[in-house]
Structures are given as C-alpha cells and as structure tokens.
Amino acid sequence: MKGQKTGLVLEGGAMRGLFSAGVLDVFMENGLRFDGAVGVSAGACFGCNLKSRQAGRGLRYNLKYCQDKRYAGAHSWLTTGDIYNANFCYGDIPLRLDPFDAAAYEADPMAFYVVATDVHTGKAVYRRLDRCDADTFMWIRASASMPLASRVVHLDGYDLLDGGIGDSIPLRFMEGEGYARNVVVRTQPRGFRKEPNRLLPVMRRALRQYPAFVAAVADRHERYNETLRYIRRQELAGAAFVLCPDYPLGIHSVEHDPAEMQRVYDHGREVAGRELARLRAFLG
C-alpha cells in the first residue's frame, strides 16, 4: 500500500454537506493530506476549503449568512432564479466577505476535481481545477445547481446542473485517475438507500427540453444504490475507507437555523475524530 496515491471522495447533499465540513476541518487540524480529491455539489463547495487549507471557513460563512435574504431561500429564487444566490455565494462571499485564499489553493499540491452534469446528455462532466479564478467558482456553482431550484449554468461549452445527477459518489472516477486508496465521505447513514425522485413528474414538465437529463434523474436511484454496493465491496477489500453520519441528518436543503448547522457540523467532527486512528492507518 505504501506509495499508492490517496484520494478523497465527497458526496453532496446541500446542507448535509456541513457534516463533511466538520470532517474536513478535523483532517486539516490533524495534518491529514490527500493526493487528490473530488467534490460533488455541496462536496465541491466545502471541499475546496481543504485545498486552500482554510479550516472553519465552511461553517463560518454559513452561520453568518444563513438568515440573510441575499444568501439563500425564496427571495433569492424569485429574484435571481437560483435558490442559492449565485452572485452572493460565488462572488461576494469568496471575494470580499469571507475571502477564499486563492494563493494557498493554487500552491497546494492536491489535485481537486468537481463533478457537474451535462443537461443534454445526462452524463457526468469531471473538471480538474488547479487555478483559482472566476471559472473555478463557476464550476463549483454548476456542480451545486439543484434542478428546479437553479438556472442551468453555461460554461466552457457545456450546459450544466447538479453533479449528483450524473455521479453522486464518484469513487470509480478517482480509481480511474490512479487513486488506489480512497476515503469516501458520505452525507447519508450506512442503511440509507435512495428512492425514486418524487419530483420527477414536475421535472418532466419543467425540464422537457433536456430529456436525457430527465432520464438520468429517473434512474438516479438505481445508479446510486449500485454505487453503494460497489463502495462496500471496495471497503471490504481494503481499498476504500468510508465515513458517514450515524443517523439521518434531517437538515433542510436550505437551512436558516444556525443551531441546526452547528449540530450537523459537530457530528462530522465527532465521526472523524473517533475514526482518526483507523484512518491514519489506512492512509499509511
């Protein structure tokens, strides 16, 4: 195992991603490093802070702005077309209000990938983000753009939405990139199995110009559950290490209660802390 590249796979899940933020902060505080990481949706939003080495940032700005109507909620959706205000979340916050450390991000050797979904094909698009510029934040935004709640993001010749539709937990992608030992951070408990999307009839109407994307939404639960089985096989084979919540997190996708955010974040810290010794052994 010594000398094999180590990878980190970060599932999405909107504000369930604060669980991952807690896990990542424990990693940073204890000096755990990875050769590469991939983030999906909220996993991309919080995972980028690992490459910039900004422990605490993911929780901090969410606590500060969760009740600000400029940040997220019905006001943003009605006035901008995005339930998370794109200009505020991917412009004002990282550039001015809680600055993202672009220099540290670019200096860190860890490869960082995000996943979005091409609305014309319904397939995942993977993008490595080495530089920190406007396109970097746009790719993260595309990865986190939830269907029905966000506008399609037009970027680098693609029309993109939520990366979780194309590849919710991209362990196979990381293995294909040469990462032989991977830590998978899930935001659902071990017993969770995804069910068919209840909003599919609405999506069929609202996104009828993207039939391949709607088809990907329709069978997402099957692909997701098959991925869970694959992850379990890799875990039993010693090629994957899984961290996940002990229970359903029960936090809203758009959460305005700071106490709920803190609760989910703290549980991520708790799980990572108690697994730290086993995780060090796994990473070698």
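The values are calculated or read from the model by the stated rules, or taken from the named source; none is laboratory data. Nothing here was measured: the structure is a model prediction, and the numbers come from that model. As a convention, Cβ positions derive from the backbone with ideal geometry for all residues, glycine included, and neighbour counts pool all protein chains shown. Areas reflect the complete protein model, heavy atoms only, side chains present, ligands, DNA and RNA absent. Shrake-Rupley method; radii C 1.70, N 1.55, O 1.52, S 1.80 Å.
A count restricted to segment 139-152 and to residues that are surrounded by fewer than 22 Cβ atoms within 10 Å (Cβ to Cβ) and within 24 Å of ARG172 (Cβ to Cβ) stands at 1. Filtering segment 101-131 to residues that are in contact with a Ser or Thr (Cβ under 8 Å, 6 or more places away or on another chain), more than 18 Å from HIS154 (Cα to Cα) and surrounded by fewer than 20 Cβ atoms within 10 Å (Cβ to Cβ) leaves ASP101, ALA102, ALA104, ASP108. Scanning segment 169-183 for residues that are farther than 11 Å from ALA239 by Cα and open to solvent by less than 10 Å² (accessible area, probe 1.4 Å) turns up ILE169, PRO170, MET174. The single condition among (1) within 19 Å of the chain's Cα centre (by Cα); (2) open to solvent by less than 40 Å² (accessible area, probe 1.4 Å); (3) small (Gly, Ala, Ser) that GLY238 does not meet is (1). Residues satisfying the criterion are absent from segment 115-128 (criterion: under 30 Å from PRO258 (Cα atoms) and either free of Cβ contacts under 8 Å to residues at least 24 places away in the same chain or of a type in the set (Phe, Trp, Tyr) (or both)).
Taking first residues from segment 65-77 that are over 14 Å from PRO258 (Cα atoms) and open to solvent by 20 Å² or more (accessible area, probe 1.4 Å) and partners that are assigned to a loop (DSSP other than H, G, I, E, B) and of a type in the set (A, V, I, L, M), the Cβ contacts under 7 Å between residues at least 6 apart in sequence or on separate chains come to TRP77/ILE83; TRP77/ALA149. Look at segment 1-50 and say how many of its residues are touching a Cys at 6+ places or on another chain (Cβ under 7 Å) and more than 19 Å from GLY163 (Cα to Cα). Qualifying residue count for the region: 0. Regarding segment 265-284, can at least one residue be identified that is of a type in the set (Ser, Thr, Tyr), closer than 20 Å to VAL185 by Cα and surrounded by 14 or more Cβ atoms within 10 Å (Cβ to Cβ)? Within segment 265-284, one or more residues are of a type in the set (Ser, Thr, Tyr), closer than 20 Å to VAL185 by Cα and surrounded by 14 or more Cβ atoms within 10 Å (Cβ to Cβ).
Scanning segment 204-234 for residues that are part of a helix (DSSP H, G or I), charged (D, E, K, R) and free of Cβ contacts under 8 Å to residues at least 40 places away in the same chain yields ARG204, ARG205, GLU222, GLU226, ARG229, ARG232, ARG233.
Restricting segment 2-23 to residues that are under 20 Å from GLY176 (Cα atoms) and part of a loop (DSSP other than H, G, I, E, B) leaves a set whose member that is modelled with the highest pLDDT is GLU11. Against the numbered list (1) more than 30 Å from ARG280 (Cβ to Cβ); (2) surrounded by 15 or more Cβ atoms within 10 Å (Cβ to Cβ); (3) not charged (D, E, K, R), SER41 comes up short only at (1). Residue count for segment 154-182 under the criterion of being assigned to a strand (DSSP E or B), over 16 Å from SER143 (Cβ atoms) and out of contact with any Asp or Glu (no Cβ under 8 Å at 6 or more places or on another chain): the result is 2. Applying the criterion of at least 2 residues that are over 30 Å from GLU175 (Cβ atoms) and of a type outside the set (Phe, Trp, Tyr) to the helices (runs of 4 or more DSSP H) found wholly in segment 24-138 leaves 57-65, 74-80.
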